[in-house]
Amino acid sequence: MKRIFHLIVVSLLLFSCVKPQEKTIKRIDKKNFEKIVDGKPVSLYILENDQGTVAEITNYGGKVVSLWLPDKSGNYEDVVLGHENIDDFLNAKEKYFGALIGRYGNRIAHGKFTLDGKEYTLATNNGVNSLHGGNKGFDAVVWDAEQVDGQTLELTYLSKDGEEGYPGNLSVRVLYQLTDANELKIEYWATTDQSTVVNLTHHSFFNLHGAGNGTINDHLLQIHAAHYTPVDAGLIPTGEIAAVEGTPFDFQELKPIGAELEVKDQQLDYGMGYDHNFVLEQNGEGLNYAAKVVEPNSGRAMEVYTNEPGMQFYGGNFLDGSIVGKEGKAYEFRTAFCLETQHFPDSPNQPNFPSTRLDPGEEYYSICVYKFSVE
């Protein structure tokens, strides 16, 4: 009996000395993204900072393919939805995973706007409306890429006059930086040779549990906005700037994303949940705090900063399990959220909204910073 007891004690001591298996980063084979698309080479670029965070980005659509973050125990998860090879991205049902969006992020009513007395007609790829630049927006073009260093990727693209119906030759430059402060910083610059409209944004689908690892409705969300822009049944803003107080759209303090999803509210009905633009509080020029998301179980947290006046919050309402992504995981209903810093939807048709006009001799500049931490 003493010998058995001794063996049990020794076994327990040995077990206590063994550290739990940490989930490590699974890098994607760069060969999975080596392909010629529209006559231009596609590749996969790796950014890594001194915090151990890794981002993998393809120049096809400027898409963030993966983003690996640790939890409070040091276990890494890839927190963005997407695919492990270029062919799946090319054939994807959801084409905006991780993408750069342009020329115009979000919706333009009936695919039409008027500039200096001339009406322009765009592709209507979202019911009767134009969405995210049209049939082939910036999410579906091959950007010219230069990896500046191990933490910086520069992408450039010339959107020619008339592309998807937009006027002017638009020269665009985007800089992705993964800083040692654990920020994914995205900066945009654009110039034009003819008056046009521009609204660029980024469309990563986040889940701080890890991509494909269940609901995001238990994530805590704060949005620094006292107002939002209500929409009609086609998700086009009505023009009203409405107070969030007393509505399910009040995220001025941290609360679970799913806390009020079952409240009877016409705006929630229109979006099948949250798919709305929030009017961000402005602290002055430069970067403004826009939002914070915390996943309490893992401790992963994300803050958003921007110079933009608005931010679209989308709660993954159109995911339905039919898309199988990385590691063979199906992306189910409300298993991702998007926080897209932007000017407001349909601004070219809404004179009371901040202008998205860009004229020759001017430079468009936008910045979005996703800052990651553990709590």
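Quick note: the coordinates plus some simple rules give every number you see, no bench work behind them. None of the values given here were measured: they were computed from a predicted structure. Heads up, the Cβs are rebuilt from the backbone with ideal geometry, glycines too, and the neighbour counts pull from every protein chain shown.
Ranking HIS110, PRO70, VAL263 by Cα position along the charge dipole of the chain, where only Lys, Arg, Asp and Glu carry charges on their C-beta atoms, puts PRO70 farthest toward the positive end. Its DSSP H runs of at least 4 residues, each contributing -39,500 (n - 2.57), put the calculated 222 nm mean residue ellipticity of the chain at -2000 deg cm²/dmol, to the nearest 500. Farthest toward the positive end of the dipole of the chain, out of VAL374, THR341, ALA140, is the Cα of VAL374, where the dipole comes from beta carbon charges about the Cα centre. Taken over the alpha carbons of segment 118-274 as equal point scatterers, the Debye sum produces base-10 log I(q)/I(0) values at 0.14 Å⁻¹ of -1.03.
For the cross-link pairs LYS30/LYS292; LYS31/LYS112; LYS72/LYS185, which exceed 30 Å when the distance is taken from alpha carbon to alpha carbon? Table pairs above 30 Å Cα-Cα are LYS30/LYS292; LYS31/LYS112. Which label marks the calculated value of Kirkwood radius over Cα pairs in Å, given the options (1) 21.5; (2) 22.2; (3) 24.9? Only one listed value fits the structure, namely (1).
With 0.36 nm allotted per residue and the present C-alpha distance subtracted, the GLN147-GLN51 stretch has 32.6 nm of extension available. Relative contact order of segment 118-227: what whole-number percent is it, with Cα pairs under 8 angstrom and at least 6 residues apart? Computed value for segment 118-227: 16 percent relative contact order.
Applying both filters, DSSP loop and at most 14 other Cβ atoms within 10 Å, to the GluC sites (Glu not before Pro) of segment 250-280 gives GLU253, GLU262.
For segment 146-196, the calculated P(r) over all alpha carbon pairs, in 10 Å bins from 0 to the bin holding the longest distance, is 25, 39, 24, 12, 0 percent. For ASN307, the amide hydrogen comes within under 5 Å of the amide hydrogens of ASN288, ILE367, counting only partners 5 or more places away or on other chains and with H modelled in the peptide plane. Across the cross-link table entries LYS26/LYS95; LYS26/LYS93; LYS26/LYS326, which are compared at the Cα atoms, the separations over 21 Å belong to LYS26/LYS95; LYS26/LYS93. The distance linking segment 323-343 with segment 122-197 is 21 Å (Cα centroid to Cα centroid, whole angstrom). In terms of surrounding Cβ atoms within a 10 Å radius of their Cβ, SER195, SER322 rank from fewest to most as SER322, SER195.
Dipole magnitude for the chain: about 1300 debye, using +1 per Lys or Arg Cβ and -1 per Asp or Glu Cβ, origin at the Cα centre. Computed across segment 45-85, the Kirkwood hydrodynamic radius from all distinct Cα-Cα pairs reaches 10.8 Å. With point charges of +1 on the Cβ of Lys and Arg and -1 on the Cβ of Asp and Glu, referenced to the Cα centre of the chain, which listed residue (LEU131, SER355, SER322) lies farthest in the positive direction of the dipole? Going by the charge dipole, the pick is SER322.
For the chain, the longest principal axis of the Cα atoms and the long axis of helix 2-17 meet at an angle of about 20 degrees.
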